[in-house]
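Following: one structure in structure tokens, then a few remarks.
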Amino acid sequence: MFIGHYALAFGAKRMAPAVSLGTLFLACQFADLLWPTLLMLGVEVVEIDPGNTLLTPLNFVSYPYSHSLVMLLVWSALFAITYRLIRGSRPAAIATLAVLVFSHYVLDVITHRPDMPITIGGTERLGLGLWNHPAGTLALESALFIAGATVYAASTRPRDRVGNIGLWSMIAALGAIYFAALYGPPPPNTAAVAGAGQLLWLFVLWGYWVDRHRVVR
Ligand SMILES: [Zn+2]
């Protein structure tokens, strides 16, 4: 799952208008932002295995700290607590961010084959394997993404040209990366996977930048 995560962040702006899109991106993709660093440190392991599912050449060998059910609950609580400490008591915003962090697990379980750990050390893993049904994956993620982006665009309006062009170019970039990952060649090695994963931080910055140039309607 890729653009589906961003879809929920975009849509969450309606629930928590005071929260910047950058923070919403940080929440929905917290697991995938943590993952490349854990790969680089050797704490988590991925292998390149074309055909692992029809839509991803990656075999997620071990990623319990970034992608287990238990740790997503922990990250969700820590994210909410940190936001509360920095921004003060804003119940709707805090609840929205907590749900967004955990939503990553639910959406990944839908697309991954059964490789999503439940606990850190356990062997039980969940996954409904939508990635083996390319048309279904494309339909679900694209529909979510269009719906989410529409909600964000309708809940806010541009303050200036950056707020307009910045938003639509970001939406186009996310869509382009999604299709390139689906239809492009498999990555050459796992270092490239981790390196490309770190680029997702750019979308967090992009989210803050765009959001500062838009106002809530
Ligand atoms: Zn993920």
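Nothing in this text is a laboratory measurement; each read-out follows from the coordinates by a stated rule. Because the structure is predicted, anything quoted here is derived from the model rather than measured. Backbone-built Cβ (ideal geometry, glycine too); neighbour counts: all protein chains shown.
A few points about this structure:
- Interchain or long-range residues, amide H under 5 Å from Leu128's placed H: Ile110, Thr111, His112
- FRET efficiency, Val215 to Met40 (Cβ-Cβ, R0 35 Å, nearest 0.05): 0.35
- Surrounding net charge for Glu47, when Lys and Arg each add one and Asp and Glu each subtract one, Cβ distance under 14 Å: -2
- Computed 3J(HN,Hα) for the range 92-105, one whole-Hz value per residue from the Karplus formula 6.51 cos²θ - 1.76 cosθ + 1.60 where θ = phi - 60°, is 5, 5, 5, 5, 4, 5, 4, 5, 4, 4, 6, 4, 4, 5, glycine and proline marked x.
- Among residues other than Met1 with Cβ under 12 Å from its Cβ, the summed charge is -3 (Lys and Arg +1, Asp and Glu -1).
- Among Ser89, Ser142, Ser62, the largest mean-square fluctuation in a Gaussian network model of the chain (Cα springs under 10 Å) belongs to Ser89.
- Rounded, prolate or oblate (a/c below 1.5 giving rounded, otherwise prolate when a/b exceeds b/c) for the range 21-137 by Cα gyration tensor: prolate
- Length added when fully stretched, Val70-Ile120, from 0.36 nm per residue minus Cα-Cα: 17.3 nm
- Going by neighbour counts of Cβ atoms within 10 Å, the residues Ile118, Ile3 line up, fewest first, as Ile118, Ile3.
- The helix-based estimate of mean residue ellipticity at 222 nm for the chain, built from -39,500 (n - 2.57) per DSSP H run of four or more residues and divided by its residue count, is -21500 deg cm²/dmol to the nearest 500.
- Treating each Cα of the range 177-217 as one equal point scatterer and applying the Debye formula with no solvent, the log10 of I(q)/I(0) at q = 0.16, 0.17, 0.30, 0.34 Å⁻¹ comes out as -0.57, -0.61, -1.02, -1.09.
- Amide H contacts of Leu54: Asn132, each under 5 Å away and 5 or more positions distant or on a separate chain (H built 1.01 Å from N in the peptide plane; Pro and chain starts excluded).
- Amide H within-cut-off set for Thr156, under 5 Å, with H built and near neighbours excluded: Arg217
- If you run the Gaussian network model on the chain, springs between alpha carbon atoms under 10 Å, then out of Leu73, Leu85, Leu144 the most flexible one is Leu85.
- Choice from Gly121, Gly129, Gly195 showing the highest fluctuation, given a GNM over the chain with Cα pairs closer than 10 Å: Gly121
- Volume per residue of the C-alpha convex hull in the chain, rounded to whole Å³: 109
- Hz values of 3J(HN,Hα) by residue in the range 48-56 - Karplus curve (6.51, -1.76, 1.60), Gly and Pro given as x: 8, 8, x, x, 3, 10, 4, 9, 9
- Helix 200-212 vs. the chain, principal-axis angle (Cα, 0 to 90°, nearest 10): 10
- Difference of contour (0.36 nm per residue) and Cα-Cα distance, Ala154 to Asn189: 8.5 nm
- Rounded to whole numbers, the Karplus 3J(HN,Hα) couplings from phi for the range 151-162 are 4, 5, 4, 7, 7, 10, 9, x, 7, 7, 5, 4 Hz, using 6.51 cos²θ - 1.76 cosθ + 1.60 with θ = phi - 60°, and x at Gly and Pro.
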